[in-house]
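A.B. asks: If you scroll down you'll find the structure; I have some questions about it.
Any read-out appearing in this document is the output of simple, stated calculations on the displayed coordinates, not a laboratory observation. Predicted model only: the values in this text are computed from it and were never measured. Cβ sites come from the backbone with ideal geometry, for glycine too, and all protein chains shown count toward neighbours.
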């Protein structure tokens, strides 16, 4: 494992990323690609935790916009993250990687209940650990759940895999002249309202000096390169 700079990390995946080319649900090719990307590091002993969103199935804010009670919508969104977590677990296990799903909402028949010390023990035993159901509370995003869990387990970095190759000063899709940052401070992210993660998640990482690394999920081998300490995407750090 000496080739890897980071020994314990948390990988944040959006639910939309699991759709691939589909308009809804899970493209089986995406979990397989993720498994391919992380397998070498996992086999080398890097401790990997995962948080995945549920936007490919249901998003609480969308439900609230349509007139649904926000808390009820968020509860549905948290259950969607459990579906995605089980799909990832199945793929990882089919690729020979031991994996546990730990849910912030108790559902003993299909997952373990999240307990911090047990989660750390799973990681120490070489099990990929997927944290499902967000924080277990409405009004908190899976970005905030990822920041919280990363701090709780003592991760060295929070890696957010997205559809863009880093953080820009404006939307690079609609503004070709947008400038990409190699590094940026938490406060600049908040002051510029750059939406790397929601403000609560960014502030939590800031308070606990948790670096955030943002990179393009689709770039082949990028997770392995990031773990080795190569400069990829954008890193959010202290001033």
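A.B. asks: Does segment 95-212 come out rounded, prolate or oblate by the C-alpha gyration tensor, with a ≥ b ≥ c the root eigenvalues, rounded set by a/c under 1.5 and, if not, prolate when a/b is larger than b/c and oblate if not? Don't skip to the end; give the middle numbers.
C.D. replies: Values: a/c = 2.16, a/b = 1.99, b/c = 1.08.
Prolate, since a/c reaches 1.5 and a/b exceeds b/c.
A.B. asks: Another question, if that's okay. Computed over the Cα atoms of the chain, what is the convex hull's projected area averaged over all directions, in nm²? Working shown, then result.
C.D. replies: Working: hull surface 50.9 nm².
Mean orientational projected area (the chain, Cα hull): 12.7 nm².
A.B. asks: Here is a follow-up. Can you show me the helix-derived [θ] at 222 nm for the chain, built from DSSP H runs with n ≥ 4 at -39,500 (n - 2.57) apiece and divided by the number of residues, rounded to the nearest 500.
C.D. replies: Details: 8 runs with 89 residues, N = 239.
Result for the chain, helices only: -11500 deg cm²/dmol.
A.B. asks: Simple spin-label model, 7 Å along Cα-to-Cβ: residue 239 to residue 198 in nm?
C.D. replies: For the pair residue 239/residue 198, the computed spacing is 2.8 nm.
A.B. asks: In the chain, what % of DSSP beta bridges are antiparallel (nearest 5)? Intermediate results must be reported in sequence, preceding the final value.
C.D. replies: Numbers: 5 of 34 bridges.
Around 15 percent of the beta bridges assigned by DSSP in the chain are antiparallel ones.
A.B. asks: Sort 152, 177 so the one with the fewest other Cβ atoms within 10 Å of its own Cβ comes first. All intermediate terms of the calculation are to be shown ahead of the outcome.
C.D. replies: Values: 152 17, 177 8.
Least to most surrounded, the residues fall as 177, 152.
A.B. asks: Beta carbons within 10 angstrom, averaged per residue: use that to sort the peptides 198-206, 73-81, highest first.
C.D. replies: Ranked from most to least packed, the peptides come out as 73-81, 198-206.
A.B. asks: Could you please rank 186, 139, placing first whichever residue has the fewest other Cβ atoms within 10 Å of its Cβ? Mind dumping the intermediate values first?
C.D. replies: Values: 186 22, 139 12.
The fewest-first ordering by Cβ neighbours comes to 139, 186.
A.B. asks: While we're on this one: 7 Å from Cα along Cα→Cβ at both residue 113 and residue 65: what's the point-to-point distance in nm?
C.D. replies: Distance between the two pseudo-spin positions: 3.6 nm.
A.B. asks: For 130, 110, 57, 34, which order do you get if you count the other beta carbons within 10 Å of each Cβ and list the fewest first? Walk me through the intermediate numbers first.
C.D. replies: Values: 130 28, 110 13, 57 20, 34 23.
By the 10 Å Cβ count, ascending: 110, 57, 34, 130.
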